[in-house]
Amino acid sequence: MRFLPAIVSAAALSFAAPAGWAQDQDQTLADIRQELSVLYVDIQHLKRELSTTGAPMVGGTGGAVLARVDAIEAQMQRLTAKTEQLEHRVNRIVSDGSNRIGDLEFRLCELEPNCDIGKLGETTTLGGDTGATSVPVALTPETTSPELAVGEQADFDRATTALADGRNEEAISILEGLLDAYPGTPLTARAHLRRGDALGNMGEKTGAARAYLDAFSAGPEGSDAPEALFKLGRALGELGQTTEACVTLGEVGVRFPGADAVAEAEAERARFACQ
């Protein structure tokens, strides 16, 4: 039985692996849980091997080894339970966030004279198909610039200049052309954000609110998300949707603590007398 310490050491190394897996963004919670299940089966096999021999143990080594295996198994079960709890919480947050976005889309459509509610598509799941979103979200500066097609940045810069010069219709036209020409561009969220600013300058509050909602939906964890969420809440308040405005403005500080938009959101909440 001298090989037992080596087996237990291997089991301990296997048990330490989930902490590393959690850092791998390519693995989902389901992947981690599946690998934990495989490891659990391996532990059961190891326990069976330890308990099938009747050979005497010198100095009670066998009892110590079994105790260590039991401890590994118990810790692994606790980790599995926590993984399942985390997965449930993530799914619940994604479902709630997606439902809120869908409700806002419906309410904004009701306010638009030419919007057909029957043609509203299914709301995109917040965070993508994996349903991963973080509360709060820690915004970190991008270390690399996204790949842009030739003309993307130039078109966006022209729209920004037009917006700064008060040529709002021209800015909207350029931004809409950019979004049509480059679907899925890394500038999508920012283009919707600036389009909302131009529409707001023209007094089109409903259109501006929808543009801000599009901006947030395009990048709910991006660097433009705090500003988009703040401006969406402000626009909803200006449209008389005070309850929705207060909830949306309150989410800015919850999701993006430390962002510049938090102070602006709190000022708007005070203006709308949010509770």
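Could you tell me which of the residues Gly177, Gly200, Gly196, Gly207 is over 23 Å from Arg100 (Cβ atoms) and small (Gly, Ala, Ser)? Show your work before the answer.
Values: Gly200 fails: over 23 Å from Arg100 (Cβ atoms); Gly196 fails: over 23 Å from Arg100 (Cβ atoms); Gly207 fails: over 23 Å from Arg100 (Cβ atoms).
Gly177 is the lone residue from the list that is over 23 Å from Arg100 (Cβ atoms) and small (Gly, Ala, Ser).
Select from the stretch 161-191 the residues that are closer than 17 Å to Leu148 by Cα, surrounded by 15 or more Cβ atoms within 10 Å (Cβ to Cβ) and of a type outside the set (Ser, Thr, Tyr) and list them in ascending order. If you could, list the steps in order and put the result at the bottom.
So in the stretch 161-191, the residues closer than 17 Å to Leu148 by Cα come out as 174-191.
When the remaining residues are screened for being surrounded by 15 or more Cβ atoms within 10 Å (Cβ to Cβ), the result is 174-175, 178-179, 182, 185-191.
Correct list: Ile174, Leu175, Leu178, Leu179, Pro186, Leu187, Ala189, Arg190, Ala191.
Out of the residues in the stretch 217-275 that are within 19 Å of the chain's Cα centre (by Cα) and charged (D, E, K, R), state the one that is surrounded by the fewest Cβ atoms within 10 Å (Cβ to Cβ).
So the residue we want is Glu221.
Please go through the stretch 195-210 and pick out each residue that is without any contact (Cβ under 8 Å) to a residue 40 or more places away in the chain, surrounded by 23 or more Cβ atoms within 10 Å (Cβ to Cβ) and touching a Leu at 6+ places or on another chain (Cβ under 6 Å).
Hits for the stretch 195-210 are Arg195, Ala198, Ala208.
Which members of the stretch 172-218 meet the condition of being under 24 Å from Leu239 (Cα atoms) and part of a loop (DSSP other than H, G, I, E, B)?
If the condition is that a residue be under 24 Å from Leu239 (Cα atoms) and part of a loop (DSSP other than H, G, I, E, B), then Met202, Gly203, Glu204 are the ones that fit.
Every residue in the stretch 150-186 that is of a type in the set (Ser, Thr, Tyr) and either farther than 18 Å from Asp197 by Cα or not assigned by TED's automatic domain parsing to the domain that holds Pro220 (or both), please.
Quick first cut of the stretch 150-186, residues of a type in the set (Ser, Thr, Tyr) only: 160-161, 173, 182, 185.
Tyr182, Thr185 - these are the residues of the stretch 150-186 that are of a type in the set (Ser, Thr, Tyr) and either farther than 18 Å from Asp197 by Cα or not assigned by TED's automatic domain parsing to the domain that holds Pro220 (or both).
The values are calculated or read from the model by the stated rules, or taken from the named source; none is laboratory data. Only a predicted model underlies this, so the values are computations on that prediction, with no experimental measurement involved. Virtual Cβ from ideal backbone geometry, glycine too; neighbours counted across all protein chains shown.
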